[in-house]
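Each value in this text was obtained by applying a stated rule to the coordinates, not by laboratory testing. This is a predicted model, so every value here is computed, not measured. In this analysis, Cβ positions are derived from the backbone assuming ideal geometry, glycine residues included, and neighbour counts consider all displayed protein chains.
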Amino acid sequence: PQITFEGVRANSANRGVVMPVVNYTDSFLDESATTVTLTGTNHSDQTANAQRSVIADGIRLSYPDFAHIKEMDDVYTLKIKAVDLAGNEKEEEISFSVNRFGSTYKISVDTQQLIDNYYTAKAPVITVTEVNIDVLEYGEVTVSRDGQIRTLVRGKDYNITKEGVDTDWKSYTYKIKTDNFSSDGIYSIGFYSVDKARNASDNR
């Protein structure tokens with residue numbers, strides 16, 4: 001089988017209209033064994049929204065534009081495994097971001113469990129990863145305890161690890177130290193950044 005993607009480029013950051021398309025063709029395509037998924041870091045499979053059309057020797061799936069709301073900003077992966085009637089398989093995938101409102105964030109499993117449980121008797125290490133296709137040109141982390149906000153100092157109050165190269169995704173993993181939560185109280189953590197595309201992100 002042959003697979004082509006249209007509408008978005010691999011590893012691209014997209015601020016405008018985002019309408020991915022995948023074409024998969026074979027003279028003897030086995031549709032029942034072929035699978036296509038479009039999932040986001042924080043979104044379940046979106047394939048049910050795609051419009052299916054028949055093309056020469058195959059199928060074209062066209063996805064509608066992602067809603068222009070902050071909740072749809074995410075890192076998405078469009079993945080396909082195409083199979084023909086002889087059992088030949090081909091797998092392809094592309095990743096891209098819908099980045100109309102800035103960075104996207106991934107919360108570690110331990111931190112998510114802490115948020116879900118709400119209460120804890122032990123000061124935690126908070127781990128959050130910020131993902132952006134562009135370099136962050138400015139960043140700030142704050143902690144609020146019972147409404148009193150304090151700007152954290154990098155290296156003292158938290159550490160940050162950067163991964164990725166200029167032509168690939170960049171991730172910034174923040175580890176906020178337990179000393180920031182040594183007193184009883186209700187805490188919230190804020191992340192503010194500006195990327196090279198001038199998207200400003202403000203998440204709490």
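Points worth noting:
- Modelled spin labels at Asn88 and Thr120, positioned 7 Å past Cα toward Cβ, are 5.3 nm from each other.
- Violating pairs (Cα-Cα greater than 25 angstrom) within the set Lys122/Lys170; Lys70/Lys122; Lys79/Lys170; Lys81/Lys170; Lys90/Lys162; Lys106/Lys162: Lys122/Lys170; Lys70/Lys122; Lys81/Lys170; Lys90/Lys162
- Taking label points 7 Å from Cα along the Cα-to-Cβ direction, Thr37 and Asp179 give a separation of 4.3 nm.
- Along each principal axis, taking the top coordinate minus the bottom one, the Cα set of the chain gives 67, 35, 28 Å in descending order.
- Residues of segment 44-80 with amide N under 16 Å of a point placed 7 Å along Cα→Cβ from Ala10: 76-80
- The modelled label-to-label distance between Asp30 and Asp45, using points 7 Å beyond Cα along the C-beta direction, is 1.8 nm.
- For the pair Thr151 and Ala67, a Förster radius of 41 Å applied to the C-beta separation gives a FRET efficiency near 0.75, rounded to the nearest 0.05.
- Label point 7 Å beyond Cα of Glu137 along Cβ direction - residues of segment 180-204 with amide nitrogen under 11 Å: 194-200
- Rounded to whole Hz, the Karplus (6.51, -1.76, 1.60) HN-Hα couplings of segment 5-14, x for glycine and proline: 10, 9, x, 9, 9, 4, 6, 9, 9, 10
- Applying the Karplus relation 6.51 cos²θ - 1.76 cosθ + 1.60 with θ = phi - 60° to segment 20-27 yields 3J(HN,Hα) values of x, 9, 10, 10, 9, 9, 5, 4 Hz, where x marks Gly and Pro.
- In segment 84-204, Cα pairs under 8 Å separated by at least six residues give a relative contact order of 30 percent.
- The chain: relative contact order as a whole-number percent, Cα under 8 Å and 6+ apart: 19 percent
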